[in-house]
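Structure record follows, encoded as C-alpha cells.
The values are calculated or read from the model by the stated rules, or taken from the named source; none is laboratory data. Since the model is a prediction, treat every value here as computed from it, not as a measurement. Here Cβ is always computed from backbone atoms with ideal geometry, including for glycine, and neighbour counts include all displayed protein chains.
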Amino acid sequence: MKDKKTISGFSKLSKRGKIKWMVENFFKDPESVISELQSYWHSNEEQQKILDNFSENTISNFPMPFGVSPNFVIDDETYCIPMVIEESSVVAAASAAAKFWMRRGGFKTEVISTVKLGQVHFIWHGDGKKLEYYFPDIKKKLIEESFSLTESMVKRGGGIMDIELIDLTESQKGLYQFRASFETCDSMGANFINTCLEQFSKSLKSYLLFSKDFSADEKNIEVIMSILSNYTPDCIVRATVECPVDDLGDFPHGMTSEDFAGRFFMAVKIAEIDPYRAATHNKGIYNGIDAVVIATGNDFRAIEACGHTYASRNGSYSSLSHCEVKDGHFKFWIDLPLAVGTVGGLTSLHPIAKRSLELLGNPNADQLMRIIATAGLAQNFSALRSLVTTGIQQGHMRMHLQNILNQLKATKDEEIAAINHFADEIVSFSAVRQFLDKLRLG
C-alpha cells in the first residue's frame with residue numbers, strides 16, 4: 001500500500017496545491033497552518049514571484065530581521081552596514097565596536113588579491129611527461145576556444161588569468177587536474193567560471209581526438225567534473241584597527257588599558273594555537289560576516305567553507321584574526337578570503353539586497369569585500385572585549401531577555417518591569433519565568 005506521506009509530481013502542483021498536500025499529511029491543524037503560511041506571502045505579487053523563483057517547491061517566505069549597524073568608519077568613509085541575522089547581540093556588538101573605533105581612527109582595509117579558481121578533473125592513462133610537453137599548446141586552445149565566453153569579461157578587465165596542469169597520479173592512478181584562475185570583476189562569477197571550465201573539457205577532448213601526436217589509446221580521456229572551487233586563497237582582503245595602548249581607555253572592574261591589551265592579545269593567541277577555541281572564535285567572526293553577506297544577496301555558505309579551509313591552510317585549524325601589542329601600540333587585524341559580487345545573481349534580483357547595496361553606496365566587489373571583512377573584525381573585537389572583561393554572558397543574555405519575554409507572552413508592562421529588574425541580575429529562562437509568575441500573582 002502506498003504511503004500517504006509520499007507523492008509523485010509534487011513540483012508540478014501549484015503553490016496552494018503543495019501547501020494543501022503538505023498540511024493534510026503532516027500537520028494536526030491544516031487550516032491554521034495554511035492561514036499562517038499564506039500570511040507570510042508578499043503583498044506585492046510581482047515581488048512574491050521573484051522570491052518564488054529563487055528556489056524550488058516554495059510554499060511561503062521565511063522572514064529574518066533586517067537590521068543596520070551605524071557609525072562604521074572604513075578608510076575614512078562612514079557607513080551604515082545592513083545585517084540580516086536572528087541574534088540581536090550580533091548587531092549590538094558590531095555597532096559597539098564601530099563606535100569604539102570611530103573615535104580611534106576607524107577601520108583600515110586593503111584588498112590584497114581577487115583571483116578565483118576553477119578545476120577540471122580528468123582521468124588519462126598516457127605518458128604524463130608527454131602531456132606536460134604539449135600542455136602549452138593545449139592551454140592556448142583552451143583559452144582561444146573559450147573566448148566567446150570570456151570576451152565580455154575581458155573588456156571589463158577580467159577573464160582567464162592562467163591555467164595550470166596538476167599531476168595527481170601519485171594519489172590516484174591516471175588523475176590530472178586543470179587549475180584555472182579567473183578575475184571576475186564585480187561579479188562573484190560562479191556561472192561564468194563553470195561555463196568556461198565545461199568548455200575547457202570539450203576543448204581538451206577535441207585536442208586529443210584530432211592530434212597526430214597522440215596514439216589511439218592516448219586519445220581516451222574521461223572528464224570527471226568541471227567546477228569552480230570555493231576555496232579562494234588568492235582572493236584576500238585585510239581589515240585592521242590600531243591605536244596606542246593608552247588610547248584604548250579604561251575598562252570595567254578597574255582594568256587598565258595595558259591590562260586589557262595584554263588579555264586581548266592572549267585571547268587571540270589562544271585561538272591561534274587551540275582548534276577548539278578557534279572554532280568558536282571564528283564562528284563569532286562569521287556572525288558579522290554572514291549577516292552582511294546575506295543582506296547583500298551573496299553566498300554565505302561558500303564564503304564560510306572558504307574561510308574555514310583557509311583557517312586550516314597551515315595544517316591545523318587556527319584563528320582568522322591576529323593581534324600584536326608592541327612598543328605601546330595595539331594592532332588587531334584579519335586576513336580573509338572573500339569571493340563576493342555586486343552584480344548578477346540575487347544581488348540584482350532580491351529587492352532588499354538591492355537596497356542593502358544602495359545603503360552602502362552601491363560598492364563594487366572590492367569595496368564590498370572591505371566592508372564585509374570590517375564587519376567580521378568588529379564582531380570579533382566586541383566578543384573578545386566582553387570575554388576578557390565582563391564575560392560574554394552578561395551582555396548576551398541581556399540581549400536575549402526580549403526573546404525570553406516574547407516566548408513567555410509578557411505584556412508591555414511586564415516587559416518594562418523585567419528589563420528594570422534584570423538590569424543587575426543574571427538572566428536565564430527560569431529566572432525570567434519565576435519573576436513573571438511572581439509578578440502575575442501580584
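Restricting to the range 54-64, name every residue that is under 18 Å from Thr296 (Cα atoms) and either charged (D, E, K, R) or in contact with a helix residue (DSSP H, G or I) (Cβ under 8 Å, 6 or more places away or on another chain) (or both). Within the range 54-64, Phe54, Asn61, Met64 meet the criteria. Within the range 159-179, identify whether any single residue is crowded, with 20+ Cβ neighbours inside 10 Å and farther than 30 Å from Asn364 by Cβ, and answer yes or no. Yes: the range 159-179 contains one or more residues that are crowded, with 20+ Cβ neighbours inside 10 Å and farther than 30 Å from Asn364 by Cβ.
Checked against the criterion of being modelled with pLDDT of 95 or more, surrounded by 19 or more Cβ atoms within 10 Å (Cβ to Cβ), within 14 Å of Cys235 (Cβ to Cβ) and of a type in the set (Gly, Ala, Ser), the range 311-325 contains not a single residue that satisfies it.
Does Pro70 meet the test of being modelled with pLDDT of 95 or more, more than 25 Å from the chain's Cα centre (by Cα) and either surrounded by fewer than 18 Cβ atoms within 10 Å (Cβ to Cβ) or part of a loop (DSSP other than H, G, I, E, B) (or both)? The answer is no for Pro70. Could you tell me whether Asn57 is over 23 Å from Glu358 (Cα atoms), in a loop (DSSP other than H, G, I, E, B) and either in contact with a strand residue (DSSP E or B) (Cβ under 8 Å, 6 or more places away or on another chain) or not assigned by TED's automatic domain parsing to the domain that holds Gln402 (or both)? Yes.
Note on the range 335-349: residues that are over 15 Å from Ala295 (Cβ atoms) and of a type in the set (Gly, Ala, Ser) total 2.
In the range 421-438, the condition of being basic (Lys, Arg), in contact (Cβ under 8 Å) with a residue 12 or more places away in the chain and either touching a Lys or Arg at 6+ places or on another chain (Cβ under 9 Å) or assigned to a helix (DSSP H, G or I) (or both) is met by at least one residue.
Put simply, of His400, His350, His322 the only residue that is of a type outside the set (Lys, Arg) and not assigned by TED's automatic domain parsing to the domain that holds Ile285 is His400. Under the condition of being touching a residue at least 12 places away in the same chain (Cβ under 8 Å) and of a type outside the set (A, V, I, L, M), which residue from the range 326-338 is surrounded by the most Cβ atoms within 10 Å (Cβ to Cβ)? Residue satisfying both the conditions and the ranking: Pro337.
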